[in-house]
Amino acid sequence: MQVEWDQKKYTTGFAHIDEQHRNLFDGLNGLMLFLEDSSIFDKSENKAKVIEMIDFIGNYTSEHFSDEEKIFEKYNHPLMDANKEAHQMFLAKYAQYQSKLADGKLTRALLIQMHIFLRGWLINHILKIDTSLCDCEEKATEEVHDNDNSEKKTGIFSRFFSLFKI
């Protein structure tokens with residue numbers, strides 16, 4: 001199932017964090033496209049591409065978490081510790097999936113499990129923790145981009161996935 005970005009629902013009040021969240025949604029949607037094509041698993045070179053894609057999502061997520069944690073710390077946000085703990089738990093679970101994939105256990109079922117985990121975790125985390133950043137009073141240096149054109153831009157994951165033409 002594709003994940004759609006909803007600016008009003010998912011905004012944090014920090015434009016670059018919201019853009020990163022949109023990119024993560026884009027990454028989940030790209031993974032879903034891979035999963036919809038069952039022929040991917042018929043060729044070994046495609047499996048290598050899927051693992052590269054998963055690694056790319058993981059690296060991007062780690063960078064995003066770092067950026068986000070800096071904002072929570074800057075404003076001494078009351079959910080700062082909960083946010084950091086949630087990120088650590090996510091990265092540990094993500095590492096388990098990456099380990100299975102690296103061990104040659106790449107199956108469509110495993111990727112579906114991973115997609116379900118990523119999708120559920122991301123949406124819940126944004127709604128329960130990240131959107132609380134809107135409460136920060138001193139964030140006047142950044143604007144929320146409520147511009148319809150920003151939602152139509154090609155994200156980093158779309159550009160990455162376009163390299164694979166599976």
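The values are calculated or read from the model by the stated rules, or taken from the named source; none is laboratory data. These figures come from a predicted structure and were not determined experimentally. Don't worry about glycine lacking a Cβ; one is built from the backbone with ideal geometry, like all the others, and counts go over all protein chains shown.
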Practice task
Might you check whether a residue that is loosely packed, with under 13 Cβ neighbours inside 10 Å and touching a Ser or Thr at 6+ places or on another chain (Cβ under 9 Å) occurs anywhere in segment 116-127?
Solution key: no
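Examine segment 138-151 for a residue that is assigned to a helix (DSSP H, G or I), under 18 Å from the mean Cα position of the chain (by Cα) and modelled with pLDDT under 75, and state whether such a residue exists.
Restricting attention to segment 138-151, the residues satisfying the condition of being assigned to a helix (DSSP H, G or I) are 139-141, 148-151.
Applying the additional criterion that residues be under 18 Å from the mean Cα position of the chain (by Cα) yields 150-151.
From what's left, modelled with pLDDT under 75: 150-151.
Checked segment 138-151: at least one residue is assigned to a helix (DSSP H, G or I), under 18 Å from the mean Cα position of the chain (by Cα) and modelled with pLDDT under 75.
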Handout entry: Long-range neighbours under 6 Å by Cβ, at least six apart or interchain, first residue within 11 Å of Tyr10 (Cα to Cα) within segment 119-140, second at pLDDT below 95 and charged (D, E, K, R)
Key = none
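Quick check on this structure: which one of Lys93, Lys105 is out of contact with any strand residue (DSSP E or B) (no Cβ under 7 Å at 6 or more places or on another chain), charged (D, E, K, R) and modelled with pLDDT of 90 or more?
Values: Lys105 fails: modelled with pLDDT of 90 or more.
Answer to the selection: Lys93.
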Exercise for the section: Go through (1) within 19 Å of Thr11 (Cα to Cα); (2) modelled with pLDDT under 90; (3) among the hydroxyl-bearing types (Ser, Thr, Tyr); (4) not in a loop (DSSP other than H, G, I, E, B) one by one and return the number of the condition Thr154 breaks. Expected result: (4)
Problem - Candidate set: segment 34-88, residues that are of a type in the set (S, T, N, Q) and more than 18 Å from Arg22 (Cα to Cα); chosen: the one modelled with the lowest pLDDT - result: Ser38
Exercise for the section: Any chance you could count how many residues in segment 88-118 are touching a residue at least 60 places away in the same chain (Cβ under 8 Å) and over 16 Å from Met1 (Cβ atoms)? Expected result: 2
Fill in the blank from the handout: The one condition Gly27 fails out of (1) crowded, with 18+ Cβ neighbours inside 10 Å; (2) not in a helix (DSSP H, G or I) is (2)
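The rows are residues; the columns are (1) at negative phi; (2) exposed (fewer than 12 other Cβ atoms within 10 Å of the Cβ); (3) of a type in the set (D, E, K, R).
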residue: Glu52; (1), (2), (3): yes, no, yes
residue: Asp55; (1), (2), (3): yes, no, yes
residue: Asn59; (1), (2), (3): yes, yes, no
residue: Glu63; (1), (2), (3): yes, yes, yes
residue: Phe72; (1), (2), (3): yes, no, no
residue: Lys84; (1), (2), (3): yes, no, yes
residue: Leu91; (1), (2), (3): yes, no, no
residue: Tyr94; (1), (2), (3): yes, no, no
residue: Gly104; (1), (2), (3): no, yes, no
Practice task
Test Lys70 against the stated conditions and say whether it is in a helix (DSSP H, G or I) and either in contact with a Ser or Thr (Cβ under 6 Å, 6 or more places away or on another chain) or in contact (Cβ under 8 Å) with a residue 24 or more places away in the chain (or both).
Solution key: no
Problem - Yes/no for Glu68 being surrounded by 14 or more Cβ atoms within 10 Å (Cβ to Cβ) and among the acidic types (Asp, Glu) - result: yes
Handout entry: Residue list for segment 1-24, filter: over 21 Å from Phe90 (Cβ atoms), part of a helix (DSSP H, G or I) and not small (Gly, Ala, Ser)
Key = Gln7, Lys8
